[in-house]
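Every number here is computed from the coordinates shown, using simple stated rules; none is lab data. Since we're looking at a predicted model, the values are computed, not measured. Positions of Cβ are generated from backbone atoms using ideal geometry, with glycine treated the same way; all protein chains shown enter the neighbour counts.
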Amino acid sequence: MKKALSRGFVVAAGLFAATQHANPDVSKKEYAATSDPRTNKIRKFFARGNCPASQYATDFVLAADQHKLDWRLLPSLSFLETTGGKTQRNNNMFGWSNGNARFPSVRAGIYVVASRLSRARHYRGKSIDEKMKIYSTNETYGRHVRATMRALNAVPAY
């Protein structure tokens, strides 16, 4: 019983610590929401399919910038894993941890996954293709991610 409580506390503390990265600078968020063409591309990309992820376009961009990721990676993963949030459970738009990860909010999930893809030992310092080999055991997954990233890039910004 004591061991289970300890593990529960460690998991809760880890989620709490991870969510501390989920609050970007408001001034940056306002800029990204109104002026960043990447935000508009993401919003349009998801809006075409009536995907709930369109409302998080600003967070995708800010999380990518904060963690030095390609801005197209997180929305592409969300699109492939949950059709842009349509089939997400537990605020997990990325199928993170085989779809079993739970996040306090969708927004927190975006920043936690961005942080892990950037900083976790087995992802840190790797290319997108190398990261995708770890992210999914499906041999063609990286190609699907790259194709989605190209489609996202092709969306007109305005």
Note on segment 98-148: residues over 13 Å from the mean Cα position of the chain (by Cα) and among the polar types (S, T, N, Q) are N98, N100, S127, S136, T137, N138, T140, T148
Of the residues in segment 125-151 that are under 15 Å from L69 (Cα atoms) and touching a Ser or Thr at 6+ places or on another chain (Cβ under 7 Å), the one that is surrounded by the most Cβ atoms within 10 Å (Cβ to Cβ) is V145
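Considering segment 94-105 alone, what residues qualify as being over 13 Å from L73 (Cα atoms) and surrounded by 20 or more Cβ atoms within 10 Å (Cβ to Cβ)?
Start the filter on segment 94-105 by keeping residues that are over 13 Å from L73 (Cα atoms), which leaves 95-105.
Those that are over 13 Å from L73 (Cα atoms) and surrounded by 20 or more Cβ atoms within 10 Å (Cβ to Cβ): G95, W96, F103.
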When segment 101-123 is checked residue by residue, the ones that are assigned to a loop (DSSP other than H, G, I, E, B) and under 11 Å from L69 (Cα atoms) are none
